[in-house]
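Enquirer: Let me begin by handing over the structure; questions about it come next.
The values are calculated or read from the model by the stated rules, or taken from the named source; none is laboratory data. All figures in this text were calculated on a predicted structure; none of them were measured in a lab. Every residue, glycine among them, receives a Cβ derived from its backbone with ideal geometry; neighbour counts consider all protein chains shown.
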Amino acid sequence: MKEIKKYLAEFIGTAVLVLFACGVAGQICATGVSGLIGTALAFGLVIVAMAYSIGNVSGCHINPAVSIAMLISKKISVKDFCGYIVAQFLGAIAGAAVLNFIVKDPSKLGCNALYNGSALMSFGIEVILTFVFVIAILGVTSKESNGNIAGLVIGGALVLVHLLGINFTGTSVNPARSFGPALIAGNLDGIWVFLLAPLVGGALAAVVYSFLSSDK
């Protein structure tokens, strides 16, 4: 039952992320300074809200890139990793489906897109953005004393990477967040980039942070 509750929390958290944050991104289209800041804040604020609501249940990963980093860091089991991934993708699909039902326009689901049509460039950008985001998470969650501020730091880190990445790829740093809207919109072109690059960035962050924090 405890595992089911954790997976349900991840499902809900990811659905909320897609519904609200991608919903904001799709409605204001991240155009101009105000649009960019508004979209970045939407993603960050959702993380803050979810961190302080479901964080004590599942850890509030709501992102396969975070989960793979936690797996490599030996903070979750392989079983939980698999359960989290399934819950996150299903949550993202559900969130995108609800959003599409509301807006009735697949072009306003906040989908990601390749930067200048380049898969290679987009892959590199997403790896860098995810690396920065995940290493911030690993750092702030490494000490229990940071528990009260962890949600704010993680939300702020997500705002930061969005401020840079929105004008390039729309900022994924989250395979589930990218897949849900793309599937519901019926546009999976280049989706492999947004599925794989964040996982690479998350894994790299885990390896680097482990080295930096090691006493050896």
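Enquirer: Quick check on my filter: what residues within region 1-49 are hydroxyl-bearing (Ser, Thr, Tyr) and without any contact (Cβ under 8 Å) to a residue 60 or more places away in the chain?
Expert: Matches in region 1-49: THR31, SER34.
Enquirer: Within region 102-125, track down each residue that is part of a helix (DSSP H, G or I) and touching a Ser or Thr at 6+ places or on another chain (Cβ under 8 Å).
Expert: SER122, ILE125
Enquirer: Continuing with this model, one more query. Which of the residues that make up region 160-174 are of a type in the set (Val, Ile, Thr), out of contact with any Gly (no Cβ under 8 Å at 6 or more places or on another chain) and not in a helix (DSSP H, G or I)?
Expert: Listed by number, the residues that qualify are ILE166, THR169.
Enquirer: Moving on to the next point. Considering only residues that are over 20 Å from PRO175 (Cβ atoms) and of a type in the set (Val, Ile, Thr), which ones fall in region 77-111?
Expert: ILE102, VAL103
Enquirer: While we're on this one: I need a count of the residues in region 82-108 that are under 18 Å from the mean Cα position of the chain (by Cα) and surrounded by fewer than 17 Cβ atoms within 10 Å (Cβ to Cβ).
Expert: Within region 82-108, residues that are under 18 Å from the mean Cα position of the chain (by Cα) and surrounded by fewer than 17 Cβ atoms within 10 Å (Cβ to Cβ) number 2.
Enquirer: Same structure again: So which residues in region 68-90 are small (Gly, Ala, Ser) and free of Cβ contacts under 8 Å to residues at least 24 places away in the same chain, if there are any at all?
Expert: SER77
Enquirer: Restricting the search to region 182-216, which residues are under 20 Å from LYS108 (Cα atoms) and among the small types (Gly, Ala, Ser)?
Expert: Within region 182-216, ALA182, ALA185, GLY186, GLY190 meet the criteria.
Enquirer: From the list ALA30, ALA40, ALA21, pick out the single residue that is more than 25 Å from PHE81 (Cβ to Cβ), at pLDDT 95 or above and aliphatic (A, V, I, L, M).
Expert: Residue meeting the stated conditions: ALA40.
Enquirer: Any idea how many residues of region 10-49 are surrounded by fewer than 17 Cβ atoms within 10 Å (Cβ to Cβ) and of a type in the set (Ser, Thr, Tyr)?
Expert: Going through region 10-49 one residue at a time, the tally reaches 2.
Enquirer: Among the residues of region 126-149, what is the count of those that are in contact with a Ser or Thr (Cβ under 9 Å, 6 or more places away or on another chain) and at pLDDT below 95?
Expert: The total comes to 2.
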